[in-house]
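To keep things clear, I will list the structure first and then write my remarks on it.
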Amino acid sequence: MRNRRQSAVSACARRSLLLTAPAHCLLTMSATHTNIILIGFMGSGKSSIGKHVAQMLRFQFVDTDALIVERNGMPIAQLFALHGEDHFRGLETNALESCRELTRSVLATGGGVVLREKNRPLLRELGFVVQLTASEDVIYERVSRNRKRPLLHTTNPRATVHEMFTARQPLYDAVAQFTVNTTQLDHRAAAEVIIEAARVEFGW
Ligand code: S3P
């Protein structure tokens with residue numbers, strides 16, 4: 001609630017700035033303030049819900065994992081296998097940095113994007129940061145549906161989910177300006193909640 005109220009105030013402040021800013025500033029401001037950035041654990045629904053949000057707002061949908069796959073010509077699991085996680089994290093930061101010019105976009109990020117310290121202020125700079133969460137059991141059920149996620153190729157993926165979930169939660173909480181629990185929501189309902197929060201944030 002506190003976040004929403006603070007966001008509403010900052011949206012008003014931005015609106016009044018927009019009215020008085022010189023033209024060259026308007027470009028920069030709109031580029032940094034009209035994106036919705038989705039963060040959260042694997043399986044929290046960032047890509048599927050993000051596509052709904054983008055479609056409903058007529059925004060562009062961008063996925064940092066998809067950018068990495070496209071730019072490197074191979075799936076994430078293969079990138080991890082060939083070059084390791086550290087290399088992947090570098091590619092992830094590059095992908096995020098390449099999104100600085102985006103506007104009117106919904107950006108879905110990989111679940112580990114909050115791990116690198118330098119990514120955290122960058123996420124905030126890119127737009128309104130929304131965290132998607134779900135219960136650990138639901139997350140596990142969702143991520144078990146395919147084997148695309150190399151970090152879960154362990155002998156006990158359920159325990160791995162628990163460890164990673166516990167370690168990362170404080171990082172998501174620190175970066176997020178708004179949180180939506182998707183455990184009981186279908187994609188459209190979750191998208192509507194996000195859009196409502198964005199309306200408050202951006203003063204639409
Ligand atoms: C990762 C999450 C994945 C992908 C990579 C690493 C993580 O993205 O970036 O497998 O560290 O949590 P999703 O969150 O879209 O599954």
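Coordinate-derived values only; no laboratory data. Worth saying up front: this structure is predicted, and the values here are computed from it rather than measured. Using ideal geometry, Cβ is built from the backbone for each residue, glycine included, and neighbour counts are taken over all protein chains shown.
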Next on the checklist: If the reach is capped at under 20 angstrom between alpha carbons, list the lysines near LYS148, excluding any in the same chain fewer than eight residues apart.
Outcome noted: LYS46, LYS51
Next on the checklist: Run the simple label-point estimate for ASN181 and GLU163 please: 7 Å along Cα→C-beta, distance reported in nm.
Outcome noted: 2.7 nm
Next on the checklist: Please compute the modelled spin-label separation between ALA77 and HIS153, points set 7 Å along Cα→Cβ, answer in nm with one decimal.
Outcome noted: 0.7 nm
Checklist entry - So what's the gap between the Cα centers of the stretch 88-104 and the stretch 112-189, to the nearest angstrom? => result 18 Å
Item to check | FRET efficiency, THR93 to LYS51 (Cβ-Cβ, R0 25 Å, nearest 0.05) | outcome: 0.60
Checklist entry - Taking the stretch 28-151, how much of its Cα-Cα pair set, in percent, is spaced more than 19 angstrom apart? => result 47 percent
Next on the checklist: Using Cβ contacts closer than 10 Å as the measure, can you line up LYS46, LYS118 from fewest to most?
Outcome noted: LYS118, LYS46
Checklist outcome for this item: By the Cα gyration tensor axes a ≥ b ≥ c (a/c under 1.5 gives rounded; else a/b larger than b/c gives prolate, otherwise oblate), the shape of the stretch 49-100 is prolate
Checklist entry - How far is it, in nm, from the label point at GLU141 to the one at GLU192 when both lie 7 Å from their Cα along the line to the Cβ? => result 2.2 nm
